[in-house]
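Take a look at the structure set out below.
The values are calculated or read from the model by the stated rules, or taken from the named source; none is laboratory data. This one's a predicted model, so the numbers in the text were calculated from it and none came from an experiment. In this analysis, Cβ positions are derived from the backbone assuming ideal geometry, glycine residues included, and neighbour counts consider all displayed protein chains.
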Protein chains: 2
Amino acid sequence: MRSMNKKYVHGYDLRENIRLQDQASTLVELLHSDTSYPAGSQVLEAGCGVGAQTINLARNSPHAHIISIDISESSVAEAKKKIEGVGFKNVSFQLGDIFNLAFEPESLDHIFVCFVLEHLTQPLDALDSLKNLLKVSGTITVIEGDHGSTYFYPDNDLAHRAIQCQVELQKRAGGNANIGRELYPLLNAVGFNSIQVSPRMVYVDSSKPQLVEGFTKNTFTAMIEGIRETSIEAGLIDKNTFDEGIKGLYRTTETDGVFCYTFFKAIATK
Amino acid sequence: MRSMNKKYVHGYDLRENIRLQDQASTLVELLHSDTSYPAGSQVLEAGCGVGAQTINLARNSPHAHIISIDISESSVAEAKKKIEGVGFKNVSFQLGDIFNLAFEPESLDHIFVCFVLEHLTQPLDALDSLKNLLKVSGTITVIEGDHGSTYFYPDNDLAHRAIQCQVELQKRAGGNANIGRELYPLLNAVGFNSIQVSPRMVYVDSSKPQLVEGFTKNTFTAMIEGIRETSIEAGLIDKNTFDEGIKGLYRTTETDGVFCYTFFKAIATK
């Protein structure tokens, strides 16, 4: 399994799936509303996971042919169940390795990659493999987060230390939790053209209760809470420091709190 | 001089004025394009400095009566010269302390405050004073940067340390270089209504050469370079570390570099 680091930091358990669903719903408009593919086009979603983003692709491009692949059999099964459960007919699923996909070179019109590169030890190789599959003038869309873009009020050093555990765990597993800011240089290095990166900042204050719940608490803080045991076992942090850090994150969800995080979305052509 | 800390970190020298001009020009569209006041309205610009933002106010609100005040006599003189030099007739200038202005309570339609709160030891008191001058249903617009929003590729610890010198110097002078993220809680604490904060992120990669020059190099990095001597004299950092940090910032302006900074703009009503 060359493509995916072994310790997939987000895990595959049920709670995590629910979290990924919450995350996807809250962020749909911000991240996906400007992605829509023409009727008849062949679109590869590389690394569909449990289908959290697939559902938006299917909805926004009703007459495109979407092929969603993932390296995890259980994820593909769940994604398939989810999409077919909602009644979409425009998505087919395949088990596959992003570095070794069963497509002819230059056979795809568009490629969509969301929250995948952050987990790969060789993101450049992955982009290069995908570029080979893309028709000339086809587009690639890449969306990634960047944990280093996180700041908040009140500021809290222990909260930053807890977040840094996630960055470090992901690094040890071969990934990069701060990859969002790198999308331009990565796509440029592989030779894509007309690269346009747009940051999508999630700004949360108490006038936006849905984002306080849906993003600050149930997406970001829940994600950091999810690495408590692993971080402590790995000796990255002690229990008290971690728990105080989590309190610091919840503190930002009070009336006078503010939370900021930025995703990056890149579109480029071959 | 209660309102302004003594060591105004940005200084008042010529080079600094030029830098503030560059900064203003590069950021005009991002920060100012959505601020325009109705014909006949009385608008106070509190803390106009050398007039870098006054010129945008004057241009975007040609039939409003703009009153621009600053606590520095030389700044007011320069701002006046600049605005009158361009031929705008809709701005009058006054020397004045933001905490003790010569206006009747509830006499102003709108108030505009840009890059001012970051320098004040009592930003809440300043907002409260300004609120008293505002008519009921009048608006306040506040724009501030946030140095803690700075991140870049390649990441560089020494560059962050050099930036932290600016944060620390501003703090020692009674200000807050990370105040942007606090606009919502500050305005809320003073009792403003309908507070809407929108982050204005400056994202710079090498596909945007004007921003590489105008923002990363000539605004942000020039600002940090400007505190070299003061930081070293204050014992915050040694020469080599600082200079390597500056190199790290310039490194982000190369073909594969990326630089991110976020301003915050808030609009609220009384």
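Tell me the residue from A:Leu187, A:Leu158, A:Leu133, A:Leu183 that is closer than 30 Å to A:Ala102 by Cβ, more than 14 Å from chain B (Cβ to nearest Cβ) and not acidic (Asp, Glu), please.
Numbers: A:Leu187 fails: more than 14 Å from chain B (Cβ to nearest Cβ); A:Leu158 fails: closer than 30 Å to A:Ala102 by Cβ; A:Leu183 fails: more than 14 Å from chain B (Cβ to nearest Cβ).
Checking each option against the conditions leaves just A:Leu133.
For every residue, the table says whether it meets (1) closer than 20 Å to A:Arg181 by Cβ; (2) surrounded by fewer than 23 Cβ atoms within 10 Å (Cβ to Cβ); (3) small (Gly, Ala, Ser).
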| position | (1), (2), (3) |
| --- | --- |
| B:Asp157 | yes, yes, no |
| B:His160 | yes, yes, no |
| B:Gln166 | no, yes, no |
| B:Asp205 | yes, no, no |
| B:Val212 | yes, yes, no |
| B:Lys265 | no, yes, no |
| B:Thr269 | no, yes, no |
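Restricting attention to segment A:66-87, which residues are surrounded by fewer than 17 Cβ atoms within 10 Å (Cβ to Cβ) and without any contact (Cβ under 8 Å) to a residue 60 or more places away in the chain? Give the steps one after another, and end with the answer.
Keep residues of segment A:66-87 that are surrounded by fewer than 17 Cβ atoms within 10 Å (Cβ to Cβ), which gives A:73-74, A:77, A:81, A:84-87.
Within segment A:66-87, A:Glu73, A:Ala77, A:Lys81, A:Glu84, A:Gly85, A:Val86, A:Gly87 meet the criteria.
Let me spell it out: the conditions are (1) in contact with a strand residue (DSSP E or B) (Cβ under 7 Å, 6 or more places away or on another chain); (2) more than 15 Å from A:Tyr151 (Cα to Cα); (3) facing chain A (nearest Cβ under 9 Å), and B:Thr141 meets all of them except one. Which number is the exception?
Checking B:Thr141 against (1) in contact with a strand residue (DSSP E or B) (Cβ under 7 Å, 6 or more places away or on another chain); (2) more than 15 Å from A:Tyr151 (Cα to Cα); (3) facing chain A (nearest Cβ under 9 Å), the one that fails is (3).
Any residue in segment B:91-104 that is aliphatic (A, V, I, L, M), over 19 Å from B:Lys270 (Cβ atoms) and buried (at least 23 other Cβ atoms within 10 Å of the Cβ)?
Residues of segment B:91-104 that are aliphatic (A, V, I, L, M), as a first pass: B:91, B:95, B:98, B:101-102.
This time we only want the ones that are over 19 Å from B:Lys270 (Cβ atoms), so: B:91, B:95, B:102.
If we keep only those that are buried (at least 23 other Cβ atoms within 10 Å of the Cβ) as well, we get B:91.
Taking every residue of segment B:91-104 in turn, at least one turns out to be aliphatic (A, V, I, L, M), over 19 Å from B:Lys270 (Cβ atoms) and buried (at least 23 other Cβ atoms within 10 Å of the Cβ).
Please go through (1) within 12 Å of another protein chain (Cβ to nearest Cβ); (2) of a type outside the set (Asp, Glu); (3) surrounded by fewer than 18 Cβ atoms within 10 Å (Cβ to Cβ); (4) closer than 26 Å to B:Gln122 by Cα for B:Ser149 and return the number of the only condition it doesn't satisfy.
(3)
What number of residues within segment B:252-270 satisfy the criterion of being within 12 Å of chain A (Cβ to nearest Cβ) and closer than 17 Å to B:Ser206 by Cβ?
9
Somewhere in segment B:49-69, is a residue of a type in the set (A, V, I, L, M), touching a Cys at 6+ places or on another chain (Cβ under 7 Å) and within 19 Å of B:Thr141 (Cα to Cα)?
Kept after step one, since they are of a type in the set (A, V, I, L, M), are these residues of segment B:49-69: B:50, B:52, B:55, B:57-58, B:64, B:66-67, B:69.
Among the residues that remain, those that are also touching a Cys at 6+ places or on another chain (Cβ under 7 Å) are: B:69.
Remaining after also requiring within 19 Å of B:Thr141 (Cα to Cα): B:69.
Yes, segment B:49-69 contains a residue that is of a type in the set (A, V, I, L, M), touching a Cys at 6+ places or on another chain (Cβ under 7 Å) and within 19 Å of B:Thr141 (Cα to Cα).
Kindly provide the set of residues from segment A:73-96 that are over 17 Å from A:Ala39 (Cα atoms) and touching a strand residue (DSSP E or B) at 6+ places or on another chain (Cβ under 8 Å), ordered by number. Even if it seems obvious, please write down each step before you answer.
Pass one, segment A:73-96, residues over 17 Å from A:Ala39 (Cα atoms): A:73-87, A:93-96.
The answer is A:Glu73, A:Val76, A:Ala79, A:Lys80, A:Ile83, A:Phe93, A:Gln94, A:Leu95, A:Gly96.
Here are some conditions: (1) of a type in the set (Ser, Thr, Tyr); (2) under 26 Å from A:Phe192 (Cα atoms); (3) surrounded by fewer than 19 Cβ atoms within 10 Å (Cβ to Cβ). B:Thr241 meets all but one. Which one does it not meet?
For B:Thr241, the exception is condition (2).
For B:Ala52, indicate whether it is in contact (Cβ under 8 Å) with a residue 12 or more places away in the chain, surrounded by fewer than 22 Cβ atoms within 10 Å (Cβ to Cβ), aliphatic (A, V, I, L, M) and not in a helix (DSSP H, G or I). Steps first, answer last, please.
Details: in contact (Cβ under 8 Å) with a residue 12 or more places away in the chain: yes; surrounded by fewer than 22 Cβ atoms within 10 Å (Cβ to Cβ): no; aliphatic (A, V, I, L, M): yes; not in a helix (DSSP H, G or I): yes.
No; evaluated as a whole, the condition is false for this residue.
Filter segment B:196-222 down to the residues that are facing chain A (nearest Cβ under 8 Å) and of a type outside the set (A, V, I, L, M, F, W, C) and list them by number. Talk me through it step by step, then tell me what you get.
Restricting attention to segment B:196-222, the residues satisfying the condition of being facing chain A (nearest Cβ under 8 Å) are B:196-199, B:201, B:203, B:205-207.
Result: B:Gln196, B:Ser198, B:Pro199, B:Tyr203, B:Asp205, B:Ser206, B:Ser207.
Given (1) more than 11 Å from chain A (Cβ to nearest Cβ); (2) farther than 25 Å from A:Thr150 by Cβ, where does B:Asn193 come up short, assuming only one miss?
All conditions pass for B:Asn193, except number (1).
Of B:Ile179, B:Ile140, which residue is buried (at least 23 other Cβ atoms within 10 Å of the Cβ), closer than 25 Å to A:Tyr261 by Cβ and β-branched (Val, Ile, Thr)?
On the way: B:Ile140 fails: closer than 25 Å to A:Tyr261 by Cβ.
Answer to the check: B:Ile179.
Mind counting the residues in segment B:87-115 that are modelled with pLDDT under 95 and aliphatic (A, V, I, L, M)?
Adding up the residues that qualify gives 3.
On the given criteria, is B:Arg228 away from chain A (no Cβ under 14 Å) and modelled with pLDDT of 95 or more? Let's see the steps before the verdict.
Details: away from chain A (no Cβ under 14 Å): yes; modelled with pLDDT of 95 or more: yes.
Considered against the rule, which asks whether it is away from chain A (no Cβ under 14 Å) and modelled with pLDDT of 95 or more, B:Arg228 comes out as yes.
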